[in-house]
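Shown next, in structure tokens, is the structure this report addresses.
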Amino acid sequence: MAGSLCTVMRSGLHGGVCCWPYSTAAVVRSSSWHSSLLSPAKPGALITCSLVLYVCLGTPAGYVSARLYKTFGGEKWLSNVILTSSLCPGIVFTLFFILNLVLWIEGSSAAIPFTTLLDLLALWFGISVPLTFIGAYFGFKKTPIEQHPVQTNQIHRQIPDQTIYTKPIPGIVMGGVLPFVCIFIQIYFILNSIWSQQTYYMFGFLFLVFVILIITCSTATILLCYFHLCAEDYHWWWRSFLTSGFTSVYFFIYCIHYYVSKLELVGLASPILYFGYMLIVVFLFFLLTGSIGFFACFWFVSKIYSVVKVDLD
């Protein structure tokens, strides 16, 4: 359980580089590189930058995953590292390969050559995976991220009956509303830039929206986590991840609305490509927002239990 959670956390932070590439462009563009690599006139450079960042960040990804796994008392370090380096890119590459097959069948010039796919596999297994193992090695040598402030009972306490808003499903559904409200306008402009050939220039404002997204995911998840703890429901690990990660469900629903109301795609291949590529983006966005919510709750729970001295033995 702890290994799966740590793998998903790392995948969220690592995959977030590819999920919101325009935010990276916003940071760089707000500096002195106003007309350089990440110019909106060069949309392919954004994807290239995302791939390079993802590969190079394998070391910190493995490091964080290993330390978090050690914090939760995990012992199967090899399985954790293998899942860390393969789960997220494996799912994304599989979906991408299937969509590329559709382009090959249609005879489209936009299909990526097979040699390029081999280059991507070489980047993955030749650079990203070894860097992840190196980071995990140093991570396991370090102390856990944070010592648990209190002792817990070996016998699980019975959770009392919960009200509507403290039950898992209603809380998860409500938790994604506020973060989505903060970003849906920017999602519209980004979808326009991707599917309607419109140039996107509001990088500085997009970076501000991205910061607001982090704040709203954290605060909404912490608030619901506090309600659950007050109701004596201590199952906050996966719930905190799913609460903020549910923003991606609203994101996908909006993508369906955008397809129905704005696009006029002809044939069977075009809708498959649209929903396939958006599914990749939504998956990475789910990992990113879920990881933000979990780390926020992890910090919150550690802080409140370090202040409140309660003997749980």
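A few remarks follow.
- Contact order normalised by residue count of the stretch 54-125, Cα under 8 Å, 6+ apart, percent: 27 percent
- When the pairs Lys141/Lys303; Lys141/Lys167; Lys142/Lys303 are compared against a 32 Å limit on Cα-Cα distance, Lys141/Lys167 fall above it.
- The chymotrypsin sites (Phe, Trp or Tyr not before Pro) of the stretch 230-307 that meet both conditions, a loop assignment by DSSP and at most 15 other Cβ atoms within 10 Å of the site Cβ, are Tyr234.
- With a cut-off of 13 Å on the backbone N, the residues of the stretch 239-268 near the modelled label site 7 Å out from Ile105 along Cα-Cβ are 268.
- Shape category assigned to the stretch 58-148 from the gyration tensor of Cα positions, a/c cut at 1.5: prolate
- Per residue, in Å², the accessible surface of the stretch 86-227 once ligands and nucleic acids are set aside, probe 1.4 Å: 61 Å²
- Global form of the stretch 135-263, assessed from the alpha-carbon gyration tensor, a/c cut-off 1.5: oblate
- Gyration tensor (alpha-carbon) shape descriptor, the stretch 193-263, a/c threshold 1.5: oblate
The values are calculated or read from the model by the stated rules, or taken from the named source; none is laboratory data. It should be emphasised that the depicted structure is a prediction, and the values quoted were computed from it without experimental measurement. Don't worry about glycine lacking a Cβ; one is built from the backbone with ideal geometry, like all the others, and counts go over all protein chains shown. Please note that ligands, DNA and RNA were not included when accessible areas were found on the heavy atoms of the full protein model with its side chains. Shrake-Rupley method; radii C 1.70, N 1.55, O 1.52, S 1.80 Å.
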